[in-house]
Amino acid sequence: MRKKHIRTPGFTVKSALTGMVAFTLAMPAGLAAAASSSGTAAAVPVSYKVAADKSQNAESAKAADADPAKAKFTKEQAISKLKELFPILADAEVTSVELGINNMYPVPSNQMIWNIQWSYQKGNSGYGISSQVDAVNGDLISTYLYFPDRQQNQSYYPPEITREQALEKAKAFIAKAAPSLSINDLELQDGNDYLSNPALFGPVQYGFTFSVIKNGITSPLENVSVVVAADGSVRQFNKSPEHWNYPAAAASIPQAKAERTFSDQFDVELVYIPIFKNGSGNSWILGWRPTERALYTIDALTGKRLDTFGAESTVTASVYSDVPQAASRFTPRTTATEMTSDEAAKRVKQIVSIPAAKKLTSSSLGSDYADTGRKVWRLSWLDSESLKTGFPSQTYAEIDAVTGQILSFNENQYPVPPEAQEANKPKSNEVNATLQQAKKKALALINLLYPDAASNLKLVERENTAGEGAGFSFQFLRFYKGVPVSDGGLMLVLDHTGALKTYNFPRTSDLGKAGVDLSAVKVTKAEARAQIFDRYKVKLQYGSFGGYTVAGYTKPKIKLVYSPVLGDPANAPEVIDAVTGKLTAQYEMPGKLKKAASASDIQGHAAEQALSTLVKYNILIPDQDGKVNPDSEITAGDWLTWISKAVAPYFGGYNNGTEPKPVAGVSPESPYYNAVSYAVQNQWIDPASTFQPDAKLTREGFAVLLTSIVKYNKISAFLQADPVLAQFGDAASITRKGEVAVAVKLGLLQGENGKFNPADTVTKAEAATVMLKLVELQGKTDQAIGQSRY
């Protein structure tokens, strides 16, 4: 087999696994319904029971047993503590108390936890609340208070406390909630604001996440998170339930040597990278990013680089093998008619062996989550006997209903816990496959599963391919015009016999439409390396290796390591655009609130505060030069995009998997389609109208949209001759007088020099100022402003 030596393009095994969520999250309809059911819980007598599940995923079984005799903090003390920490629970009813955790997966090794369920009645609505308290040291483990404030049209601005004041309240709460922790042993993860409300509208809440310091060293394995509402009350709390055993904190390798190792081995790779906005891939760039190995940790005891599994890595450059073209390979169906479920099931069985004990129990035809224009059969086979074990043996597959391509396959939808892995060991009539046999099988399968695999994929020759009865995992990476494709990789996992366990086809868009040309590259590798390298530093901390992956379970190992981390924690991971040389974020991160200074042309502007707020909430995105051009005009579609982001940062994913159809005269090809669709859903525009998102937004058109957003459409009809219009010398030229009257009366728009100027266009600065006025207007009108109906 011919091999080419190419460095790894920043594609990690873990990143490949995180994309394979379809099988881990998919649940049978009955179980999913039970998990999502809501309502008032019936009161039951307070009691405790020992959790039956003794799953272990960290330490010994004996240490994890939920033994009432070992409890040093009683259930009565736990309930009393919760009521003291959360006064609102004084009006809630305890519905059950268990010792042990059996409502989460994987189950924590520390089972000495009081699991307390509450029922809170508010009017005609009932809410369930779950709390957990450590039964040994009395630490609060978790509580989440959810109340639908947004349905009550409350006033949220200005908030009663600032973020700085909320931080002090969070620290004081931790001291009471988790006395085993010292506030001096907590390190605030500055720049991470994922627990705060990512939307500009709605309740103000401040989220804080702290890493726990053990032996004077930061441990990413343990963290504490607190959410403080604008009124100063704590709404959420969570800390790690595990009691980890940490190795000594004495590093044999000095910091300076680790930094030299990191510098000497830091490398970047040119990769095709998709840029995601509004939840979907909108464009591609050719970009420079660190290679996978460049960001490997360094063992603080040996100085060796550790791969993602914690094993020493000696390879300096990954090797890609060509995928040989097999005689038997995927051939799409020639007919345009959709397959039946039976045909889809037969298609799967032609490639994959499904045990006879598993019967086809569900099949559904729907749109693909990434390409709503593609119809997909979702099939599930279940061994009914396995339901008795508590770990259903269920096989799941997705098949393109037209081409017949298997898009995903998973032998078991749920990770198998350690104690259940006995079933994976060879039976008397089974034989372990050798690595070479498994590799041969993987190459044959990839030809049958992936279209034109020999031309599009390469096999990554890894150092640590599992074997010896534990199964095998093979990584493939997509190439386009000789360049690796980010997010175009996949893992093919086989069991110990060589049978397929897991496969997931990456849903990347067509690069052929991207128009990215290698000849356009202007940034050299050396220039990119220097720019990216300067963003990182090396930090001594604890690292965890192992746990659950699609390939199975390995016992977690904790090591003292030097980890490459971003020097400024407020920064988001970015790549270098190989054409422009600009740092580019691959994903919009609403929880990563940006600094106002990231826009270079708003300082001193009359609307600086409003503009900086919109930049902070990722509503207004600076261009590649860091500018927002505040005095430039906006279109009607721009405004709808802004208000949609302000209400629901992920509004672009709200199509419910349906096939896109024109909405209000706007086609799915329009860059404003998602915003227009969301506006129709929220009744901001009439679905029967012909909306023109590309038209410049005029002041009169702005008044019309604002009237819809504040839900005063009907009353505007009675304001056609309202006296407020008499102040404008150009009132006769206003066509939509009622809507203009509403906007003026609410203080959203005003005149200038005695005129309203209805035909003048709206600038970004003007629109930003109005946005903040809308935010401040919340709770002061009869209808909720800017509230999502979903």
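Within the range 340-397, the set of residues being of a type in the set (S, T, Y) and over 28 Å from K661 (Cα atoms) comprises S353, T361, S362, S380, S384, S386, T389, S393, T395, Y396.
Condition check: surrounded by fewer than 16 Cβ atoms within 10 Å (Cβ to Cβ), touching a residue at least 40 places away in the same chain (Cβ under 8 Å) and in a loop (DSSP other than H, G, I, E, B). Does P660 satisfy that? Yes: the conditions hold for P660.
Exactly one residue out of D730, D722, D760 is among the acidic types (D, E), surrounded by fewer than 20 Cβ atoms within 10 Å (Cβ to Cβ), out of contact with any Asp or Glu (no Cβ under 8 Å at 6 or more places or on another chain) and without any contact (Cβ under 8 Å) to a residue 24 or more places away in the chain: that is D722.
Report whether or not A258 is part of a helix (DSSP H, G or I), modelled with pLDDT of 95 or more and under 30 Å from V460 (Cα atoms). It is true that A258 is part of a helix (DSSP H, G or I), modelled with pLDDT of 95 or more and under 30 Å from V460 (Cα atoms). The set of residues from the range 746-790 being under 23 Å from F651 (Cα atoms) and among the β-branched types (V, I, T) comprises T769, V770, V775, I785. The set of residues in the range 677-691 being free of Cβ contacts under 8 Å to residues at least 60 places away in the same chain and not in a loop (DSSP other than H, G, I, E, B) consists of S677, Y678, A679, V680.
Screening S80 against (1) hydroxyl-bearing (S, T, Y); (2) in a helix (DSSP H, G or I); (3) crowded, with 21+ Cβ neighbours inside 10 Å leaves a single unmet condition, (3). Out of D694, D625, one residue alone is among the acidic types (D, E), within 28 Å of T584 (Cβ to Cβ) and either assigned to a helix (DSSP H, G or I) or at pLDDT below 95 (or both). It is D625.
Just checking, does the range 346-357 include any residue being surrounded by 15 or more Cβ atoms within 10 Å (Cβ to Cβ), assigned by TED's automatic domain parsing to the domain that holds Y503 and not hydrophobic (A, V, I, L, M, F, W, C)? There is at least one residue in the range 346-357 that is surrounded by 15 or more Cβ atoms within 10 Å (Cβ to Cβ), assigned by TED's automatic domain parsing to the domain that holds Y503 and not hydrophobic (A, V, I, L, M, F, W, C). Among residues of the range 496-508 that are assigned to a strand (DSSP E or B), those with a Cβ under 6 angstrom from a residue that is among the aromatic types (F, W, Y), sequence gap 6+ or separate chain, pair up as Y503/F409.
How about the range 303-361: which of its residues are of a type in the set (D, E) and over 30 Å from G543 (Cβ atoms)?
Result: D322, E338, D342, E343.
If the condition is being over 30 Å from the mean Cα position of the chain (by Cα) and closer than 20 Å to V483 by Cα, then the range 292-319 contributes T316, A317, V319. Each residue in the range 738-757 was checked for being touching a Leu at 6+ places or on another chain (Cβ under 9 Å) and either aliphatic (A, V, I, L, M) or surrounded by fewer than 20 Cβ atoms within 10 Å (Cβ to Cβ) (or both), and 10 of them qualify. Any residue at all in the range 541-550 that's outside the structural domain of V107 (by TED's automatic domain parsing), β-branched (V, I, T), buried (at least 16 other Cβ atoms within 10 Å of the Cβ) and modelled with pLDDT under 90? For the range 541-550, residues outside the structural domain of V107 (by TED's automatic domain parsing), β-branched (V, I, T), buried (at least 16 other Cβ atoms within 10 Å of the Cβ) and modelled with pLDDT under 90: present. A single entry from S563, S612 fulfils the requirement of being in contact with a Ser or Thr (Cβ under 7 Å, 6 or more places away or on another chain), modelled with pLDDT of 90 or more and not assigned by TED's automatic domain parsing to the domain that holds V107: S563. If you go through the range 358-384 and pick out every residue that is in a loop (DSSP other than H, G, I, E, B) and surrounded by 13 or more Cβ atoms within 10 Å (Cβ to Cβ), you end up with 7. Inspection of the range 276-291 identifies at least one residue that is modelled with pLDDT of 90 or more, of a type outside the set (G, A, S) and more than 22 Å from L490 (Cβ to Cβ). Under the condition of being among the hydrophobic types (A, V, I, L, M, F, W, C), part of a loop (DSSP other than H, G, I, E, B) and modelled with pLDDT of 90 or more, the residues counted in the range 147-199 number 3. With respect to Y480, is the statement that it is at pLDDT 90 or above and in contact with a helix residue (DSSP H, G or I) (Cβ under 9 Å, 6 or more places away or on another chain) true? Spelling it out, it is not the case that Y480 is at pLDDT 90 or above and in contact with a helix residue (DSSP H, G or I) (Cβ under 9 Å, 6 or more places away or on another chain). At least 1 residues that are under 17 Å from A679 (Cα atoms) in each: list the helices (runs of 4 or more DSSP H) lying fully within the range 699-790 that qualify. Per the criteria, 699-709, 713-716, 764-777.
The values are calculated or read from the model by the stated rules, or taken from the named source; none is laboratory data. Because the structure is a prediction, the values reported are computed rather than measured. Cβ sites come from the backbone with ideal geometry, for glycine too, and all protein chains shown count toward neighbours.
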